[in-house]
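Data first, discussion second: the structure below is written as structure tokens.
Throughout, read-outs are computed from the coordinates displayed, never taken from laboratory work. Quick caveat: nothing in here was measured; it's all calculated off a predicted structure. Ideal geometry is used to build each Cβ from the backbone, glycine not excepted, and the neighbour counts take in all protein chains shown.
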Amino acid sequence: MITGLFDYFLLNIWLTDVYQCVKVGIQQYTLYKSIVYSIKYIEKEKLIMTNVNLSDGEWKIMNQLWEHETATITELTAWLQETTGWDKHIIITMLNRMVKKGAVSFYEKGRAKQFYPLLSQSEVSIRETKGFLNKVYRGSIGMMVNAMVEDKALSKQDIDELYKILEQAELK
């Protein structure tokens, strides 16, 4: 009888452990699926965001955000006032447009919105460079460099820098 009771307790503990394992397994699977969905969503959003086209004025704001990581409208106005003459209303309009495009976002910090870039400077620069190259030179770097040589727009320092870049590219 004691053995039967003992076996009953062991079976009960085992079933409880199995239940807990299954429960944890389901929770982990659900968490896993949630993470996979989130990653796919983020990648999809990133693909959408990397197709954002920035105007010249938006580039000025993005450069400030990349330099300072975050900024309020008041800070952006102060930094850009001297070089652009923009008041806060122009900056608000541009930031709202940039939020809709997916280039920047914000969070509330007290009474002010703290804006931050959603895109890295390198990915935007590369995309813009490729777009410029395709639009103006049909994708040919050679045509672009040749145009600069013909225009005598390259200094000795520029040429030396290009040689170094090309040597590094050969090594890769």
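Using the eigenvalues of the Cα gyration tensor, what equivalent ellipsoid semi-axes result for the stretch 52-139 when each is taken as the square root of five times the eigenvalue, whole Å, largest first?
Those come to 25, 14, 11 Å.
Could I have the simple spin-label model distance between Ile165 and Arg127, label points 7 Å from Cα toward Cβ, reported in nm to one decimal?
Here the modelled spin labels are 2.1 nm apart.
Work out how much length Thr93 to Gln81 would gain on full extension: take 0.36 nm times their residue separation and subtract the Cα-Cα distance, in nm to one decimal.
So the extension gain works out to 2.8 nm.
If amide H atoms are built 1.01 Å from N in the plane of the peptide, which residues on other chains or at least 5 residues away come under 5 Å of the amide H of Ser105?
Tyr116, Leu118
Give me Glu58, Glu170 ranked fewest to most by other Cβ atoms within 10 Å of their Cβ, as a rough exposure proxy.
Glu170, Glu58
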